[in-house]
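The values are calculated or read from the model by the stated rules, or taken from the named source; none is laboratory data. Just so it is clear, the structure is predicted and the values come from calculations on it, not from any experiment. No Cβ is skipped: glycine too gets one built from the backbone with ideal geometry, and neighbour counts run over all protein chains shown.
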Amino acid sequence: MDYFTKKEQIVIILLILAIVIISCFSFLNKKYSFVKEETGDRDVDPEELFMELEDESEPEDNGIIMVHISGQVHNPGLVELPYGSRVIDAVNLAGGLKKDADLDKMNLAKKLTDEEKIYIPKIGEEEIPIGDFIDGQNNDSNSKININICSKEELMSLPGIGEVLAGRILEYREQNPFKTIDDIKNVSGIGEKKFESIKELITTR
């Protein structure tokens with residue numbers, strides 16, 4: 001078998017290099033054409049293109065979250081907010097703070113999460129209702145339910161209190177805030193026996 005001469009070897013190497021260079025040029029040209037098409041045939045700044053690709057790799061969460069706010073706000077209840085909202089945003093949607101709200105026990109700048117419960121305490125208030133939050137931290141699970149500010153779901157967690165009865169309690173307290181736990185017996189459907197089963201689990205402050 002004859003071997004290639006030195007001159008022929010050089011020619012072959014040059015041909016291979018030419019093929020590689022042409023292939024690379026063709027690939028880059030297609031890539032550039034694709035970018036031009038995607039950017040509306042405008043000049044592309046490499047730094048701008050890199051930033052766009054970086055943005056695509058970190059998609060934004062544009063979802064909606066729902067939180068429950070209660071306590072010293074004018075319109076307590078459920079509020080919907082954009083993802084990334086803070087406690088102050090929920091307060092504003094709930095009608096703003098009442099004059100007795102204790103600002104020292106809140107972090108208005110805290111970011112919210114979906115299904116979070118926010119409780120705005122009153123100045124001088126010591127006991128916090130079960131299931132409520134201050135600064136995103138859960139309170140003692142042994143705390144009593146404050147029947148003046150708790151949610152319908154919290155009332156339904158009490159023994160013998162169903163959806164209908166919980167609704168009556170909410171309607172009653174809108175017109176007549178409970179001064180003592182005994183006042184709950186004024187609600188239709190709550191007799192002495194039912195009161196005895198819940199009196200150790202509720203509070204009015």
I'd like to check something: does the stretch 101-111 contain any residue that is under 30 Å from residue 145 (Cα atoms), modelled with pLDDT of 85 or more and over 22 Å from the mean Cα position of the chain (by Cα)? yes
Pairing a residue in the stretch 97-126 that is of a type in the set (Gly, Ala, Ser) with any residue that is surrounded by fewer than 17 Cβ atoms within 10 Å (Cβ to Cβ) and assigned to a strand (DSSP E or B), where Cβ atoms lie under 6 Å and the two sit 6 or more apart in sequence or on different chains, gives 109/86
Taking the conditions exactly as written (part of a loop (DSSP other than H, G, I, E, B), closer than 23 Å to residue 75 by Cα and within 32 Å of the chain's Cα centre (by Cα)), does residue 168 satisfy them or not? no
Looking only at the stretch 70-91, decide whether some residue is modelled with pLDDT of 85 or more and exposed (fewer than 11 other Cβ atoms within 10 Å of the Cβ). yes
Selection within the stretch 171-205 - under 18 Å from residue 71 (Cβ atoms), assigned to a helix (DSSP H, G or I) and not basic (Lys, Arg): 174
